[in-house]
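**Student:** First the structure, which I've put down as structure tokens, then a few questions once you've had a look.
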Amino acid sequence: MPELAYVTAKVHGQVQGVFYRAFTSQVAKSLGLRGYVHNLPREGIVEVHAEGEKGKLEELIRRLETGPPEALVENIEVDWAAFTGQFSNFEVR
């Protein structure tokens with residue numbers, strides 16, 4: 001049985017106003033992950049909360065490093081936690 005996990009990723013850089021949240025949602029849904037993505041009030045940071053199979057979460061993080069064509073990712077802070085099962089889908093907030 002695959003290992004389940006929860007990850008929070010704070011993506012810094014030119015990631016607001018460049019369809020980064022839509023990109024993240026599309027990738028997460030294609031990987032079968034659940035959670036949400038939103039802009040933080042401080043400009044230049046998008047936060048992702050996702051859970052599911054750990055290998056798929058690792059793939060999501062790899063994809064977040066590049067993002068959509070107009071994005072410029074400077075760095076990503078990643079925090080792992082135990083799977084919670086609190087989400088039913090993946091959404092943009």
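**Student:** Rounded if a/c is under 1.5, else prolate if a/b beats b/c, else oblate: with a ≥ b ≥ c from the C-alpha gyration tensor eigenvalues square-rooted, which is the stretch 40-93?
**Tutor:** Prolate, because a/c is 1.5 or more and a/b exceeds b/c.
**Student:** Now for a separate question. Between beta-carbons, use under 15 Å as the cut-off and find the net charge around V78, counting Lys and Arg +1, Asp and Glu -1.
**Tutor:** Neighbour charge sum, excluding V78 itself: -3.
**Student:** Helix-only mean residue ellipticity at 222 nm, the chain, DSSP H runs n ≥ 4 weighted -39,500 (n - 2.57), per residue, nearest 500. What is it?
**Tutor:** Calculated at 222 nm, the ellipticity per residue is -7000 deg cm²/dmol.
**Student:** For the stretch 1-84, what does the alpha-carbon gyration tensor say about shape, rounded, prolate or oblate, given a ≥ b ≥ c as the root eigenvalues, a/c under 1.5 as rounded, and a/b over b/c as prolate?
**Tutor:** Prolate is the answer for the stretch 1-84, as a/c is 1.5 or above and a/b outweighs b/c.
**Student:** Starting with the highest mean, order 34-46, 77-89 by the number of other Cβ atoms within 10 Å, averaged over the residues of each peptide.
**Tutor:** 34-46, 77-89
**Student:** Using alpha carbons only, how many angstrom separate the centre of the stretch 74-93 from the centre of the stretch 23-51?
**Tutor:** 7
**Student:** Oh, and also: Among residues other than A5 whose Cβ falls under 13 Å from its Cβ, what is the net charge (Lys/Arg +1, Asp/Glu -1)?
**Tutor:** That sum, taken over residues with Cβ under 13 Å, equals -3.
Each value in this text was obtained by applying a stated rule to the coordinates, not by laboratory testing. Remember, it's a predicted structure, so these values are computed and weren't measured experimentally. Note that each Cβ is placed from the backbone with ideal geometry, even for glycine, and that neighbours are counted across all protein chains shown.
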